[in-house]
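**Q** Below is a structure I'd like to ask you about.
The values are calculated or read from the model by the stated rules, or taken from the named source; none is laboratory data. Computed from a predicted structure; not experimentally measured. In this analysis, Cβ positions are derived from the backbone assuming ideal geometry, glycine residues included, and neighbour counts consider all displayed protein chains. With ligands, DNA and RNA removed, areas are computed over all heavy atoms of the protein, side chains included. Shrake-Rupley method; radii C 1.70, N 1.55, O 1.52, S 1.80 Å.
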Amino acid sequence: MIETMVREGGAWREGSHYHYLVGLPALFQSAVQLYYANGFDLFSHPKLKANFEYLMATTTPPDTRFGLRVVAPFGTASWGVCSLFGWVANLTKKSDPSFSRRMQWMWREQGRPGEGDLVIDLDLPAETPALRSASFPGFGVVLRCGFPSKEETWVAFRMGENVEHYNFGD
């Protein structure tokens with residue numbers, strides 16, 4: 001699934017709703033069991049890590065209405081938060097501590113969603129990433145300025161061919 005759904009550079013082939021609420025949770029349910037049962041570590045896969053860097057890059061600055069960074073509603077989606085940042089932070093804490101700290105930071109920035117999930121370690125260290133403007137093949141670009149500050153701004157231009165499930169585009 002990772003090889004077919006994640007483009008080089010980390011972009012997911014579908015809109016954000018399908019990405020973090022449908023596709024990734026289904027994948028994680030199996031991958032977590034394999035990780036704990038026999039040590040198969042999908043969470044260290046370069047494309048999965050690139051996908052989470054992409055997901056983090058496409059989140060908004062803190063929304064003034066509720067003070068959280070949210071996953072933007074590309075395609076047929078709505079604003080939301082993603083507990084899987086907390087999952088992947090815990091599941092990569094040994095294999096890639098720096099990546100784990102960035103994911104833990106994003107999980108906290110989104111209000112600690114899924115705080116009761118058994119896979120999430122509430123006490124992991126967090127580290128502010130270096131979010132900046134970036135291009136993602138298949139998706140488009142994210143332009144970011146002033147990170148991290150109260151003046152942070154963000155805009156995304158969706159102009160790639162990743163339009164699974166909604167061929168009419170955004």
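**Q** May I ask you to give the solvent-accessible area per residue for the range 1-61, in square angstrom, as obtained with a 1.4 angstrom probe?
**A** For the range 1-61, the solvent-accessible area averages 42 Å² per residue.
**Q** On to the next question. When DSSP beta bridges are limited to those with both residues in the chain, what percentage is antiparallel, rounded to the nearest 5?
**A** Numbers: 12 of 13 bridges.
Among the beta bridges of the chain, antiparallel pairing accounts for roughly 90 percent.
**Q** Would you mind calculating the relative contact order of the chain from Cα pairs under 8 angstrom and at least 6 residues apart, reporting the percent as a whole number? All intermediate terms of the calculation are to be shown ahead of the outcome.
**A** Values: 283 pairs, mean separation 38.4, N = 170.
Relative CO of the chain lands at 23 percent.
**Q** I've got another one for you. If we restrict to alpha carbons, what Rg and Dmax does the range 17-57 come to, in Å?
**A** Here Rg and the maximum Cα pair distance are 10.8, 32 Å.
**Q** Just the number, please: carbon plus sulfur as a percent of the accessible area of the chain, 1.4 Å probe, no ligands or DNA/RNA counted.
**A** Whole-percent figure for carbon plus sulfur exposure: 56.
**Q** Ok, one more. Using the alpha carbon gyration tensor of the range 1-128, what are the three equivalent-ellipsoid semi-axes (square root of 5 times each eigenvalue), largest first, in whole Å?
**A** Listed largest to smallest, the semi-axes of the range 1-128 are 21, 18, 13 Å.
**Q** Let me ask something else. How many nm separate the modelled label positions at Glu8 and Phe157, each set 7 Å beyond the Cα in the direction of the Cβ?
**A** 2.1 nm
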